[in-house]
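Trainee: Provided herewith is a single structure, encoded as structure tokens, for subsequent inquiry.
The values are calculated or read from the model by the stated rules, or taken from the named source; none is laboratory data. Source: prediction; values computed, not measured. Neighbour counts are summed over all protein chains in view; Cβ atoms, including those assigned to glycine, are modelled from backbone coordinates with ideal geometry.
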Amino acid sequence: MRGKLGPALLCLILCAAAGAQAQEARPSRLLSSDNLMQVSPHVWVIKGSPNIGIVVGKRATLVVDNGLGTKNGKIASDIALRLSPKGQKLYLTTTHYHAEHATGDGGFPPGTILIRPRVQQTELEAEGQKLIDIFRSRSEEDRSLLEDYRYQHPDILFDSAYALDLGDVRVRLSWFGPAHTKGDELVMVEPDSVLISGDVVQNKTGPYFYCSECTPRAWLAVMDKISPLNPKIVVPDHSPPGDGSLVTSEKEFLTELLTRIVALKKEGKSVEEASRLLTPEIEAKYPGWSSLGRIPDAVARTYAEDGK
Ligand SMILES: [Zn+2]
């Protein structure tokens, strides 16, 4: 019977593979120290959904994003304190207002200093509850993690830039304009040349436009401000960390997307025609990229921006 598998054995192999795939598609939302990795002398990442950044200085520690709900916030702050000198002061910031990034405040110890771009805080106050409701309806795990979430009011709000001194580590927090959301924050850890990039620079992942001002063109304008930072390491939120080439790839992808949309519009194609043509074209040009389902949204947003 060489080369032939019985149906039971075949199912055993295929079903196990399908099971593993299903598990991969929906990883647990709960953060774990088992998934902690160090990416540079001062920067650690708890890999998860989303990745959490921890920047440890001699005088203070910064946590970037705090997970879904109080329980995840507690796990993130416990890990941050374990990596830090005893009695270390904690700073907390969030890359954007979405629930899996910004509802863990309640798990952080009293005295934690929360910093945020003013635009992001306004967006959170206006839109945060909508996202919480969406997550609550998604899965039993998300619903239960959000049961006792509470927001902390920021101690520091900034307009476009804030320099944070953690002792031997200087961190530059920036708001460059709308991309994935209106209030996206970019976190540059200067001595290590690490960029914690939220959903703005991802690793082979298509863009998701989540605010009325969020368009391929607006996102590209943000990329123009990110490029000069020239990071050696990039830590995205929902994809694996990589080197500085992630910035170039993200910019190239958005440039290609925008250029093709503008060209198709010039040719007189409707939004529907342009979307139908462009989706397979981009998929073929960017093999290995995930989340490319929002190309029609990119088309519609650019057409609206340029006047139909
Ligand atoms: Zn998001």
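Trainee: Determine which member of the set Lys251, Lys269, Lys232, Lys265 is closer than 26 Å to Trp44 by Cβ and more than 16 Å from the ligand (Cβ to nearest atom).
Mentor: Step by step, each of Lys251, Lys269, Lys232, Lys265 is checked, and only Lys232 is closer than 26 Å to Trp44 by Cβ and more than 16 Å from the ligand (Cβ to nearest atom).
Trainee: Ok, one more. Under 7 Å between Cβ atoms, at least 6 apart or on separate chains: pull out the pairs that start in segment 189-207 with a residue that is in a loop (DSSP other than H, G, I, E, B) and end on any residue that is among the charged types (D, E, K, R) and surrounded by fewer than 22 Cβ atoms within 10 Å (Cβ to Cβ).
Mentor: Glu190/Arg170; Glu190/Arg172; Pro191/Arg170; Ser193/Lys232; Gly206/Arg294; Pro207/Arg294
Trainee: All but one of (1) in a helix (DSSP H, G or I); (2) farther than 20 Å from Val63 by Cα hold for Ala179; which doesn't?
Mentor: Ala179 satisfies every listed condition except (1).
Trainee: Please go through segment 174-215 and give me each residue that is away from the ligand (no atom under 14 Å from the Cβ), polar (S, T, N, Q) and surrounded by fewer than 22 Cβ atoms within 10 Å (Cβ to Cβ), ordered by number.
Mentor: Ser174, Ser193, Asn203, Ser212
Trainee: Further question on the same structure: Anything in segment 273-308 that is surrounded by 14 or more Cβ atoms within 10 Å (Cβ to Cβ), free of Cβ contacts under 8 Å to residues at least 40 places away in the same chain and in a loop (DSSP other than H, G, I, E, B)? List them, or say none.
Mentor: Correct list: empty.
Trainee: Still on this model: With assigned to a helix (DSSP H, G or I), modelled with pLDDT of 95 or more and either within 16 Å of the ligand (Cβ to nearest atom) or surrounded by fewer than 22 Cβ atoms within 10 Å (Cβ to Cβ) (or both) as the only criterion, which of Ala218, Ala163 stands out?
Mentor: None of the other options fit; the residue is Ala218.
Trainee: So which residues in segment 85-107 are buried (at least 19 other Cβ atoms within 10 Å of the Cβ), out of contact with any Gly (no Cβ under 8 Å at 6 or more places or on another chain) and not aromatic (Phe, Trp, Tyr), if there are any at all?
Mentor: Listed by number, the residues that qualify are Leu92, Thr93, Thr94, His98.
Trainee: Report the residue count in segment 108-120 for those that are surrounded by fewer than 20 Cβ atoms within 10 Å (Cβ to Cβ) and in a helix (DSSP H, G or I).
Mentor: Final tally of qualifying residues: 1.
Trainee: Only one residue in Gly177, Gly206 is in contact with a Lys or Arg (Cβ under 9 Å, 6 or more places away or on another chain) and under 25 Å from Ser28 (Cβ atoms). Which one?
Mentor: Gly206
Trainee: Hey, any hits in segment 138-148 for a residue that's small (Gly, Ala, Ser) and either under 21 Å from the mean Cα position of the chain (by Cα) or buried (at least 21 other Cβ atoms within 10 Å of the Cβ) (or both)?
Mentor: For segment 138-148, residues small (Gly, Ala, Ser) and either under 21 Å from the mean Cα position of the chain (by Cα) or buried (at least 21 other Cβ atoms within 10 Å of the Cβ) (or both): present.
Trainee: Here is a further query. Does Gly104 fit the bill of being closer than 28 Å to Ser40 by Cβ, in contact (Cβ under 8 Å) with a residue 40 or more places away in the chain and small (Gly, Ala, Ser)?
Mentor: It is true that Gly104 is closer than 28 Å to Ser40 by Cβ, in contact (Cβ under 8 Å) with a residue 40 or more places away in the chain and small (Gly, Ala, Ser).
Trainee: Among the residues of segment 208-220, which ones are under 18 Å from the mean Cα position of the chain (by Cα) and touching a residue at least 40 places away in the same chain (Cβ under 8 Å)?
Mentor: Tyr208, Phe209, Tyr210, Cys211, Cys214, Thr215, Pro216, Ala218, Trp219, listed by residue number.
Trainee: Additional query: Go through Glu100, Glu125 for me and flag whichever is part of a helix (DSSP H, G or I) and more than 16 Å from the ligand (Cβ to nearest atom).
Mentor: Glu125
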